[in-house]
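Take a look at the structure below.
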Amino acid sequence: MEEHEFQGMFLEAGMPEDHIDAALTRFHAYGDSPKILSRNDYVTAKAIYAVMDARVDPDDAHSPVGRYLISLGARIADWEDKIAQLTP
């Protein structure tokens with residue numbers, strides 16, 4: 001998948017255009033997705049994950065997009081675990 005398609009998935013999921021470059025820069029530098037630090041980050045991450053998951057081959061674990069999707073899923077799971085621990 002080409003870079004412009006990757007950007008399109010972010011836009012389709014509702015990520016603000018000015019955040020896309022930062023997300024891609026982080027991915028290219030560190031190989032993962034940005035941390036989820038707020039409820040808004042979580043909602044955006046879930047939307048991005050849903051759009052990407054629908055378009056990425058389920059067996060794709062090695063392409064940049066596949067690796068980003070795996071990283072994003074892990075960030076979402078971490079956030080959900082954190083919230084579950086705070087909820088009685």
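Solvent-accessible surface of region 3-86, averaged per residue with a 1.4 angstrom probe and all protein chains in place: 62 square angstrom. In a shell of Cβ-Cβ distance under 12 Å around ASP53, excluding ASP53 itself, what net charge do Lys and Arg (+1) and Asp and Glu (-1) give? Net charge in that neighbourhood comes out at 0.
In the chain, the calculated helix contribution to ellipticity at 222 nm averages -24000 deg cm²/dmol per residue, counting -39,500 (n - 2.57) for every DSSP H run with n ≥ 4.
Remark: spin-label model distance GLN85-ALA29 equals 2.7 nm, labels positioned 7 Å along the Cα→Cβ axis.
For semi-axes √(5λ) of the Cα gyration tensor in Å, the value computed from the atomic coordinates appears in the list (i) 26, 14, 12; (ii) 21, 14, 12; (iii) 27, 21, 10 under label (ii).
Based on C-alpha pairs under 8 angstrom that are at least 6 apart in sequence, region 3-86 has a relative contact order of 33 percent.
At full extension, HIS19 and ILE70 could sit 16.4 nm farther apart than now, given 0.36 nm per residue minus the alpha carbon distance. Magnitude of the charge dipole for the chain, about its Cα centre and with charges confined to Cβ atoms of Lys, Arg (+1) and Asp, Glu (-1), is about 420 debye.
Compared with the dominant principal axis of the Cα atoms in the chain, helix 17-30 is inclined by about 90°. Per the 1.4 Å probe, what fraction of the accessible area of the chain, in percent, lies on carbon and sulfur atoms? Whole-percent figure for carbon plus sulfur exposure: 53.
The values are calculated or read from the model by the stated rules, or taken from the named source; none is laboratory data. For clarity, every value in this text was computed on a predicted model and none was experimentally measured. Because the Cβ atoms are built from the backbone with ideal geometry, glycine has one as well, and the counts that use them run over all protein chains shown. These accessible areas exclude ligands, DNA and RNA; they are computed on the full protein's heavy atoms, side chains included. Shrake-Rupley method; radii C 1.70, N 1.55, O 1.52, S 1.80 Å.
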